[in-house]
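Working notes, beginning with the structure itself.
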Amino acid sequence: MKQLCTKILLIAVSTIFFSACNTVKRVGEDELLLKENQIFVDSSKTKNPKLYNQLYQQPNARVLGIPIRLHIYNLASKDKDSSFYAWLNKKPKRKKRMVNFFSKKQVNRLATGLDGINEWIKKTGEAPAIQQESRIKKSVNRLNAYYWNNGWFNVSANYSIDTLKHKKSITNYYVTPRLPYFIDSLKTKIQSTPLDSLYAIHQKNSLIVKGKQYKTLDIEAERDRLTGLFRNSGIYHFEKEYIKFDADTVNTDHKVNMNLIINDRQIEQNGQTTSAPFKVHNISKVKIFTDYSFQNRDKVAKDTLLYRGYEIYAFDEMRYTRKAITNSVLISPGQIFRDIDRTRTYNQISNLRAFKYPNIEYEIDTTDASGKSLIANILLTPRKKYSTNFEFDVSTSTIQDIGIGFGGSFLIRNVFRGAEILEISGRGSIGSSQDAAESEERFFNISEIGADLRLTFPKIVFPFNTNRIIPKYMTPTTNLIFGINSQQNIGLDKQNASGIFNYIWKPNKFKTNQFDLLNVQYVRNLNTGNYFRIYRNSFNQLNSIANEVLDPSSPLLDQESGDLSIPGGANGFIEQSLGSNPNSELTPLQLRDIRNINERKNRLTEDNLIFATSYTYIKNNRENLYDENFSRFRGKIELAGNVLSTISNTIGLKKNSNDRFEVFGVEFSQYAKLELDYIKHWEIGSKNIIAFRSFGGIAIPYGNANSIPFARSFFAGGPNDNRAWLAYDLGPGSTQGRNEFNEANLKLAFNTEYRFDILGALKGALFIDAGNIWNVLDNVEEEEAVFSGVKDLQEIAVGTGFGVRYDFDFFVIRLDVAFKTFNPANDEDQRWFKGYNFSEAVYNFGINYPF
């Protein structure tokens, strides 16, 4: 029955689709459908996307060579409303029956609804690209302009139209650029002395360089550079429009002689326009209003403070310390006017999160007869001191059948009158899982509860002044974060406490630095005896060995099932096997497997104390959310346990039986960790994007540890990694991923994705994912899991697939279907394309793009 329904649906969809497959269905008798544009430069066909982007008229968009949106458009009727009434009135009694059954009003609404559906189909689709000669001529003009703006002043362009069968056509564009022009000289005529002096000092930075091919974009960039130079050097009244460039190309043998002209400032007084030289302005006063509002704009401030030349006003009680306010203002009394100081002040005040977007105004100081002084008025409108937020969500995953999450936060601004922010948040969840070890027949058998406290200071909190190293314009912040968490889940049940003390500063909008001076995490496992009930793969492997070597009457075995009892039997068998008198029937391979099982058990059940310091550097040159040509680099280095190790050695702390130090009864972790992450996006035209990501990470234990804590290790697979494997399923190395949660301390990952439009907000993607994890320089001895040299790079797993995304503007929902293209866990002759069918595919659902 299911197959029959599928066939019927397929036939119905195919019938509807192919009925619209006539691409010229909406093309008139005297019209042509544009099939393709072709551009020839000096008689050679080019594929340069920059040239094709100049064309006003483009053919209908295609996906895999098929104009899908055009076909959808053709499904719509020209006039659905009229078609409905024509059908309704075709038989005399039909309309009467419809009106009697629905009412006249509802029949009219039905017609309107059908018309709305028809319009939606048209909007989803794409109207046929009808050949229009007026647009072709505009395209020719734009091609001419493109070449002219890049230095080919003698360019000429033309076109021809090839008429094809079935009312289709191809437009050919022919461009003859001829010889380009190059910059030969630059002369200046700057009337105001201050501007002329500034230009001479910074002339070496000019973007107009002798010998360089002429480009209009270079001219515009030079205008922007000079405008920024002057406005950041005290020239308050300067505007970009004052800069003019003339170009002389007459009888110059393809050379351009440039003239830079900047006239004096134009002033209108009493209906007359006069000119005056530009002046360098200084800031005479900076007035800061800490509680400005439209209602009190004409009131007199009740509270006034003077601090380091800043005048601070409040219409009510002063609620901020002097230093807290002035630290965020980079416009300084006695300094020259600089536009960048205003921009940085905007950013710094916004970063406080204590005020709404500030208003900064300048006015001429009338007490200065020279007219060179400015008063800066900074109007700040405080946000509410207290704010709350509540969250609720319902989710499902491979671990839990259903989960209900809830949380909330309470935010207090200006806690100590220094614009500090204190945020207290709590979260909790309950869920149902069939994998829970002790469900006690309760539906909600897993739970989690936690709380966090975050205190943010809008400065670097340090015993010494750091302004010379990290200036105020870098918007420095200090964060003090505490968190506790307790969970009862399908695993061992954990309690987690963490504390972070870090600094964050941003030299510019593209770079971010984060230094975690202290990052402490304590993990306590509450139910370690439950290990072999949860990690069944380890138990099955251990149990199989036990049944081969133990006597059936052994007390380690459950007499009813014949399996090792949990936890006593399993733990007892490990102790017996690894003790001084192991079972004589155990082979060296079995002993190795038992040793590996025990090492993993100890690592996953031991309590962790991580006392780390880290530094993270991020460079992201993305201008905004719509910029699709950008790169992002993140590097992080983390060192853990060195301080505790030094203190332990200094005070002569005794080591335990494992030859390791303990703090509060816990062996602290000691390791060095490095992560490098690089992302690059290329827009290749028509909203098509190639996205690439590479990641490399390694964590080396030493000193007080021989392994990496689970919370700091690497895993592979999942919707944001190698999508052909589920999270934690891939690796290490060429192992079968036999553990429930496979992790290691070395990782390589590479992803490439081609993204393209399908229908409006519906996007498509084709991707290749590659990578794996390995163990290196730790306590794992299994050869298949250890990275021992370059030859192990042949164990990099490859997954390929396709996906769809729906863009809601503020977030993206995506579904990816991935296939195991190269699986290093298989036998060598079974590694390629053996998981390439839909029954073995992995389906990933995610929010936003994977990278």
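For region 310-334, enumerate the residues that are among the basic types (Lys, Arg), in contact (Cβ under 8 Å) with a residue 40 or more places away in the chain and part of a helix (DSSP H, G or I). Hit for region 310-334 is Lys323, nothing else.
The single condition among (1) among the hydroxyl-bearing types (Ser, Thr, Tyr); (2) part of a loop (DSSP other than H, G, I, E, B); (3) modelled with pLDDT of 80 or more that Ser397 does not meet is (3). The sole residue among Tyr147, Tyr159 that is over 39 Å from the mean Cα position of the chain (by Cα) and modelled with pLDDT of 90 or more is Tyr159.
Would you be able to say whether some residue in region 800-821 is part of a strand (DSSP E or B), aliphatic (A, V, I, L, M), outside the structural domain of Leu591 (by TED's automatic domain parsing) and over 20 Å from Phe845 (Cα atoms)? Among the residues of region 800-821, not one is part of a strand (DSSP E or B), aliphatic (A, V, I, L, M), outside the structural domain of Leu591 (by TED's automatic domain parsing) and over 20 Å from Phe845 (Cα atoms), which makes the answer no.
Candidates Lys189, Lys167: the one that is modelled with pLDDT under 95 and of a type in the set (Lys, Arg) is Lys167. Scanning region 714-758 for residues that are of a type in the set (Ser, Thr, Tyr) and under 20 Å from Tyr836 (Cβ atoms) returns Ser734, Thr752, Tyr754.
Apart from one condition, Phe102 fits all of (1) at negative phi; (2) surrounded by 13 or more Cβ atoms within 10 Å (Cβ to Cβ); (3) modelled with pLDDT of 85 or more; the exception is (3).
For (1) surrounded by fewer than 16 Cβ atoms within 10 Å (Cβ to Cβ); (2) modelled with pLDDT under 95; (3) part of a helix (DSSP H, G or I); (4) touching a Pro at 6+ places or on another chain (Cβ under 8 Å), each residue gets a yes or a no:
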{"residue": "Arg592", "(1), (2), (3), (4)": "yes, yes, yes, no"}
{"residue": "Ser648", "(1), (2), (3), (4)": "no, yes, yes, no"}
{"residue": "Lys654", "(1), (2), (3), (4)": "yes, yes, no, no"}
{"residue": "Ser657", "(1), (2), (3), (4)": "yes, yes, no, no"}
{"residue": "Leu674", "(1), (2), (3), (4)": "yes, no, no, no"}
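Taking the criterion of being surrounded by 16 or more Cβ atoms within 10 Å (Cβ to Cβ) and either assigned to a loop (DSSP other than H, G, I, E, B) or out of contact with any Lys or Arg (no Cβ under 7 Å at 6 or more places or on another chain) (or both), the residues of region 150-171 that qualify are Asn150, Gly151, Trp152, Phe153, Val155, Ala157, Tyr159, Lys167, Thr171. Taken as a whole, the structure places Phe230 among residues that are assigned to a helix (DSSP H, G or I) and in contact with a helix residue (DSSP H, G or I) (Cβ under 8 Å, 6 or more places away or on another chain). Can you tell which of Glu628, Glu585 is outside any strand (DSSP E or B), in contact (Cβ under 8 Å) with a residue 24 or more places away in the chain and closer than 30 Å to Asn537 by Cα? Among Glu628, Glu585, only Glu585 is outside any strand (DSSP E or B), in contact (Cβ under 8 Å) with a residue 24 or more places away in the chain and closer than 30 Å to Asn537 by Cα. Taking the listed residues Leu748, Leu766, the one that is over 19 Å from His681 (Cα atoms), part of a strand (DSSP E or B), under 23 Å from the mean Cα position of the chain (by Cα) and in the same structural domain as His681 (by TED's automatic domain parsing) is Leu748, with no other qualifying. Here Val549 meets the list (1) closer than 27 Å to Asn658 by Cβ; (2) touching an Asp or Glu at 6+ places or on another chain (Cβ under 7 Å) almost entirely, failing just condition (1).
Filtering region 546-557 for residues that are hydroxyl-bearing (Ser, Thr, Tyr) and more than 30 Å from Ile460 (Cβ to Cβ) leaves a non-empty set. Residue check: Leu639 meets all listed conditions (1) buried (at least 17 other Cβ atoms within 10 Å of the Cβ); (2) under 30 Å from Tyr678 (Cα atoms) but one, namely (1). Within region 753-779, being hydroxyl-bearing (Ser, Thr, Tyr) and crowded, with 17+ Cβ neighbours inside 10 Å holds for no residue.
Among the numbered conditions (1) under 18 Å from Ile690 (Cβ atoms); (2) crowded, with 16+ Cβ neighbours inside 10 Å; (3) at pLDDT below 90, the only one that Val812 does not meet is (2).
The set of residues in region 321-337 that are crowded, with 20+ Cβ neighbours inside 10 Å and either aliphatic (A, V, I, L, M) or touching a Leu at 6+ places or on another chain (Cβ under 9 Å) (or both) comprises Ala324, Ile325, Ser328, Val329, Leu330, Ile331, Phe337. Restricting the search to region 376-395, which residues are over 30 Å from Pro333 (Cβ atoms) and either in contact with a Cys (Cβ under 6 Å, 6 or more places away or on another chain) or among the hydrophobic types (A, V, I, L, M, F, W, C) (or both)? Phe390, Phe392, Val394 - these are the residues of region 376-395 that are over 30 Å from Pro333 (Cβ atoms) and either in contact with a Cys (Cβ under 6 Å, 6 or more places away or on another chain) or among the hydrophobic types (A, V, I, L, M, F, W, C) (or both). Restricting attention to region 367-386, the residues that are within 20 Å of Arg338 (Cα to Cα) and hydroxyl-bearing (Ser, Thr, Tyr) add up to 2.
Across region 245-267, the qualifying residues are those that are aliphatic (A, V, I, L, M) and free of Cβ contacts under 8 Å to residues at least 12 places away in the same chain, and the one among them that is surrounded by the fewest Cβ atoms within 10 Å (Cβ to Cβ) is Val250. State whether the residues of region 558-575 include one that is outside the structural domain of Ala497 (by TED's automatic domain parsing), farther than 30 Å from Tyr522 by Cβ and hydrophobic (A, V, I, L, M, F, W, C). The answer is yes, given that some residue of region 558-575 is outside the structural domain of Ala497 (by TED's automatic domain parsing), farther than 30 Å from Tyr522 by Cβ and hydrophobic (A, V, I, L, M, F, W, C). Within region 187-206, residues that are assigned by TED's automatic domain parsing to the domain that holds Asp264 and acidic (Asp, Glu) sit with their Cβ atoms under 7 Å from residues that are assigned to a strand (DSSP E or B) and surrounded by 14 or more Cβ atoms within 10 Å (Cβ to Cβ), at 6+ positions apart or across chains, in these pairs: Asp196/Ile190. Looking only at region 318-339, residues that are in contact with a helix residue (DSSP H, G or I) (Cβ under 6 Å, 6 or more places away or on another chain) and of a type in the set (A, V, I, L, M) come to 3 in all. If the condition is being crowded, with 17+ Cβ neighbours inside 10 Å and either of a type in the set (Phe, Trp, Tyr) or in a loop (DSSP other than H, G, I, E, B) (or both), then region 462-500 contributes Ile470, Tyr473, Thr475, Pro476, Asn489, Ile490, Gly491, Leu492, Asp493.
The values are calculated or read from the model by the stated rules, or taken from the named source; none is laboratory data. None of these values were measured; they are calculated from a predicted model. Reconstructed Cβ throughout: ideal geometry from the backbone, glycine too, with neighbour counts over all protein chains shown.
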